[in-house]
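The values are calculated or read from the model by the stated rules, or taken from the named source; none is laboratory data. The model shown is predicted, which means the values in this text are computed figures rather than measured ones. Positions of Cβ are generated from backbone atoms using ideal geometry, with glycine treated the same way; all protein chains shown enter the neighbour counts. What goes into the accessible areas is simple: the full protein's heavy atoms, side chains included, and nothing from ligands, DNA or RNA. Shrake-Rupley method; radii C 1.70, N 1.55, O 1.52, S 1.80 Å.
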Amino acid sequence: IISKKNGVTTSHHIYNPSSSSENHGVVLKNHSTKAKKYKGTIPSSSSNLNKKITSALKATFLTTFLPNGYPDKTPKGYMSYSIWSWIQDLSTQLRAVVATQKVLEGVGVGRQGATALSASLNFIVRDGCGMASTLLFTAITASKFRSDVKRWRLVADLMNDIGISFEVAATLVPKQFFLPMICVGNMCKAICGVAAGACNGAINLHWSKGSDISDINAKFGAQHTVTGALGLVFAAIFAKSISSVSTLTLLSIYASLTLLHIFANVKCMKLIAFDYFNTGRMNTVLDKMLSKRMHTQDVENLIKNDNRIDQKDSVSIDSPSVISRYE
């Protein structure tokens, strides 16, 4: 309210409690509504930290063990292939424990009268036979691996199984046959090394689509390092647990691990789908064509019609990658 007295203008403010309380109430209500609106949406510092740690661990895992572009750019079945490959490695390490024990028993460890010289000579002869078989096998088969990679890879693992089996059985035969047994076993494992090394290059090249071969090799190396470390732990436990079991039980465990290894290898090979024809895949295609259309009468008709093929005479065939999964 403005008033003028003696030429002086003054203003007076009238306080209205009811109006103030209403406005104050509105303000409080608005603040309360905003508080309710943002309640629970502002993350705490601890939850932020947990999310950062989780994302960092996930990123580290992906960059260390999985190829760039996984899973969008990596061929289908990569993770399943890696898992079955880990199972193969673990079963091989456990069986290697049994083989090592038997070989050490055969060379005289723990037996009175055994000398270090005799044990060393046995190992020298065994390793020499393995080197000779490596050179011979390479000279004979070096140019044949590319034509049938998957079967050669399966052959390699079978040879490894045979080699370990010879070493395990070496102490079950008369003493004069111990050295020939471990020599044959090491020769089989050397053949496995040549064939597996040659085939792994083509297999890794298949998985490198969408990435690059160096990245795939590095990631497979990291995976095998971890499985090897885990295998050492399991192998130590396994060695202690089988030290007091009977020979029959030990052989039964060994046979089960061998069958698991073969099964895992077959599963791995079925997951690989090469996109090119080899002799086996081409034979599969030709067999399908011949069984459906290409009978003698059909061939004669095609020749009379100047090799013109009608729509009804056409035969659909699968692509090499589809056929490769059923090899």
- Query: What are the residue pairs meeting all of these: first residue in the range 266-280, first residue closer than 28 Å to I87 by Cα, second residue among the β-branched types (V, I, T) and surrounded by fewer than 18 Cβ atoms within 10 Å (Cβ to Cβ), Cβ atoms under 8 Å, and 6 or more apart or on different chains?
  - Reply: A273/V322
- Query: A273 is checked against (1) buried (at least 18 other Cβ atoms within 10 Å of the Cβ); (2) part of a helix (DSSP H, G or I) and fails just one. What number does that condition carry?
  - Reply: (2)
- Note on the structure: Scanning the range 84-113 for residues that are among the aliphatic types (A, V, I, L, M) and surrounded by 13 or more Cβ atoms within 10 Å (Cβ to Cβ) gives I87, L90, L94, A96, V97, V98, A99, V103, L104, V107
- Message: Please go through (1) touching a residue at least 60 places away in the same chain (Cβ under 8 Å); (2) surrounded by 18 or more Cβ atoms within 10 Å (Cβ to Cβ); (3) among the β-branched types (V, I, T); (4) more than 25 Å from P67 (Cα to Cα) for I203 and return the number of the only condition it doesn't satisfy.
- Response: (4)
- With the condition kept exactly as written, say whether any residue in the range 243-253 is open to solvent by less than 30 Å² (accessible area, probe 1.4 Å) and not in a helix (DSSP H, G or I). no
- Task: State whether the residues of the range 133-152 include one that is of a type in the set (D, E) and more than 18 Å from M269 (Cα to Cα).
- Result: no
- Task: Identify the residue in the range 118-129 that is open to solvent by less than 50 Å² (accessible area, probe 1.4 Å) and of a type in the set (A, V, I, L, M, F, W, C) and, among all such residues, is nearest to G185 (Cα to Cα).
- Result: C129
- Six or more apart or on different chains, Cβ under 8 Å: which pairs go from a residue in the range 59-88 that's farther than 12 Å from K219 by Cα and part of a helix (DSSP H, G or I) to one that's of a type in the set (D, E) and open to solvent by less than 60 Å² (accessible area, probe 1.4 Å)? Could you list them? Q88/D157
- Query: Among (1) open to solvent by 30 Å² or more (accessible area, probe 1.4 Å); (2) in a helix (DSSP H, G or I); (3) modelled with pLDDT under 95, where does A132 come up short?
  - Reply: (3)
